[in-house]
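Structure first, then comments.
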Amino acid sequence: MTDVSDDGSQRWVRSQRAAVVEIDEDILLVARDGTVRKLSGESAELAREVIAFFARPRNERELLRHLEVIAGPLGDRAAVVRQLVALLAEVGALTRERDEHAIPSGRGANVVVVVSGAIAATGAPAFVIALQRRGYTVEVVLTHAATRFVAIDALGAIVQREVKTSMWPTAPHVPVPHVALAHWAELVVFYPASATMLSRLAAGDFSELGSAIALTTRAPVVVVPSMNVDMALAVAVQRNLEELRADGFTFVSGVPSQEVAEAPAVRTTLAGAAPAPGEVAATIDALRTAGLLKRRDVDPAAPTTLWDGVYRRDAKLLPWVKDRVDDDIAAALAHHAPPPGRLLDVGCGLGQIARHAAQRGYRVVATDISEAALGVASRDAADTDIVWVRDDICASSLAGTFRVIVDRASLHVLPASRLHAWAISMHRLTSPGSILIVKAHRDGVAGATTGWSAERFVSLLSGFELVTQASAELPGLESPAPIPSILAVLRRRAGELL
Ligand SMILES: Cc1cc2nc3c(=O)[nH]c(=O)nc-3n(C[C@H](O)[C@H](O)[C@H](O)COP(=O)(O)O)c2cc1C
């Protein structure tokens, strides 16, 4: 029997399990192994009362008091009540109360669920709900075929966001979904993945939204294939699975099914249909909590080589490199986001801001696209706790949020095609109240940097409000001659979605 705490203070509550069945006046308790116990007469009545009482979390002592109020002193019957509680717990009708203060394991992590056209798509709503219960924030993408298996409106109501089915943005100013979601996602799950979807992923086919996200993102991608055994056995499917494993995709395997075409004695057991939604959610959550989900390889085509080449020259002679932090950035930090707290120095170059911040007491993460820059910066700051990370801020692998992010002269060298990705990273790496300090050329240098204004920052960073702006100066890329610039301080607003 399930152990019920001796002092009766353990709180129980009704579970989601369909363990209690009512037929006529009887109550049937169906255990997980299929065993059925029948309660009739007074036992069934008592069971009804007990089950109703545990609609809210309560302990055994409270139950006994409640029964005495309605039926008088229980005497020896208290032992029967205790046995009944233990029985209900054993069959899974009652579950231990969840610690209301426990933080759900997902902690708001962003998950894109891609639903493709397999019969298991009918379980997608339950899968999404199971992730949400664990604290994940979910966006849903449906293939065209999947829309015939599951209702968009139902999924939209569950996630309280627009369900995406197309590569095309809904309005010209809205980011393109596959780029935005690929950057937003901290995890992508295909529940279920059809045989066709496996083929798209293996072939690098970007013509459909779900596969385009999975092939673009750096987040871990979990694939839950679902198909009948004959399809699963097809040589092409097996080849695709093998390639996808080699490409770093993670597979949660399906419910074993049997190849019934074989004689019973030699039947093999194969992965086929997707496991139940709740099971997959629990497995993925456990893998993520244990840190076992792999991120995808960093894109070798990212502009590392360009900046490595630049910093391999005598880095200290580069026009924009100074040996100390800019006074206006130091003042903005002290005024708008004084230490302590986590600070991210984006595009840190030789690390002047990072060193200044570490000395003031921030916990500093400093990133740059160039290994060469980080090599010099970290050598010059060997006695600090700064964490130096090679990272492309437009496809950042950083996790968690920062109290303050400083971008000095990185945003203005990005091409227009990467600005949304930069903004999405700013959003993902901050939380309401976080401060963003950006310093960029106001007029730009033709062909090398772009020009910025307060209005342009505000329109790019929809979740932020402008706190203050000031005229400033930055050196050019080719010459130290000062170029009119802007220093803007922005604050992340509460409750803003992308
Ligand atoms: C009723 C029905 C059930 C299907 N079930 C599956 C399935 O479980 N697994 C699968 O891979 N394909 C299944 N298919 C075939 C896919 O729907 C089909 O290959 C489709 O093109 C997949 O497209 P998608 O990957 O874009 O969603 C089924 C088709 C129908 C009509």
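The values are calculated or read from the model by the stated rules, or taken from the named source; none is laboratory data. Given the structure is predicted, the values throughout are model-derived calculations rather than measurements. Positions of Cβ are generated from backbone atoms using ideal geometry, with glycine treated the same way; all protein chains shown enter the neighbour counts.
Figures for the structure shown
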quantity: Val91 vs. criteria away from the ligand (no atom under 16 Å from the Cβ) and either within 30 Å of Thr289 (Cβ to Cβ) or over 31 Å from the mean Cα position of the chain (by Cα) (or both); calculated: yes
quantity: Matching entry among Leu131, Leu64 (being surrounded by 15 or more Cβ atoms within 10 Å (Cβ to Cβ), modelled with pLDDT of 90 or more and within 17 Å of the chain's Cα centre (by Cα)); calculated: Leu131
quantity: Scan of region 407-428 for residues that are at pLDDT 85 or above and part of a loop (DSSP other than H, G, I, E, B), ordered by number; calculated: Ala409, Ser410, Leu414
quantity: Residue, surrounded by the fewest Cβ atoms within 10 Å (Cβ to Cβ), within region 199-223, restricted to residues that are charged (D, E, K, R) and within 14 Å of the ligand (Cβ to nearest atom); calculated: Asp205
quantity: Pick from region 272-326, criterion at pLDDT 80 or above and of a type in the set (Ser, Thr, Tyr), ranking: farthest from Ala470 (Cα to Cα); calculated: Thr283
quantity: Options Val163, Val189; residue that is within 16 Å of the ligand (Cβ to nearest atom), touching a residue at least 40 places away in the same chain (Cβ under 8 Å) and of a type in the set (A, V, I, L, M); calculated: Val189
quantity: Any hit, region 36-56, residues being closer than 14 Å to Ser9 by Cα and surrounded by 14 or more Cβ atoms within 10 Å (Cβ to Cβ); calculated: yes
quantity: Test: Ser9 is within 22 Å of Gly92 (Cβ to Cβ), of a type in the set (Ser, Thr, Tyr), surrounded by fewer than 13 Cβ atoms within 10 Å (Cβ to Cβ) and touching a residue at least 12 places away in the same chain (Cβ under 8 Å); calculated: yes
quantity: Test set (1) under 14 Å from Leu411 (Cβ atoms); (2) touching a Lys or Arg at 6+ places or on another chain (Cβ under 7 Å) - Leu460 fails condition number; calculated: (2)
quantity: Answer from Ser253, Ser226 - the residue that is in the same structural domain as Glu186 (by TED's automatic domain parsing) and either within 11 Å of the ligand (Cβ to nearest atom) or crowded, with 20+ Cβ neighbours inside 10 Å (or both); calculated: Ser226
quantity: Residues being part of a strand (DSSP E or B) and more than 16 Å from the ligand (Cβ to nearest atom) - total across region 120-160; calculated: 3
quantity: Residue in region 166-180 that is in a helix (DSSP H, G or I), within 18 Å of Ala423 (Cβ to Cβ), β-branched (Val, Ile, Thr) and not assigned by TED's automatic domain parsing to the domain that holds Cys394 present; calculated: yes
quantity: Single match in Val266, Val252, Val260 (criterion: modelled with pLDDT of 75 or more and either in contact with a strand residue (DSSP E or B) (Cβ under 6 Å, 6 or more places away or on another chain) or farther than 18 Å from Val114 by Cα (or both)); calculated: Val252
quantity: Unique residue being farther than 22 Å from Arg312 by Cα and either outside any loop (DSSP other than H, G, I, E, B) or of a type outside the set (A, V, I, L, M, F, W, C) (or both) when the list is Ser431, Ser378; calculated: Ser431
quantity: Breaking point among (1) more than 16 Å from the ligand (Cβ to nearest atom); (2) of a type in the set (A, V, I, L, M); (3) modelled with pLDDT of 95 or more, for Val174; calculated: (3)
quantity: Tally of residues being in contact (Cβ under 8 Å) with a residue 40 or more places away in the chain, farther than 25 Å from Asp391 by Cα and not small (Gly, Ala, Ser) across region 202-243; calculated: 11
quantity: Yes/no for Val404 being touching a Leu at 6+ places or on another chain (Cβ under 9 Å) and at pLDDT below 90; calculated: no
quantity: Region 402-417 - residue that is surrounded by fewer than 18 Cβ atoms within 10 Å (Cβ to Cβ) and not hydrophobic (A, V, I, L, M, F, W, C) and, of those, farthest from Ala219 (Cα to Cα); calculated: Pro415
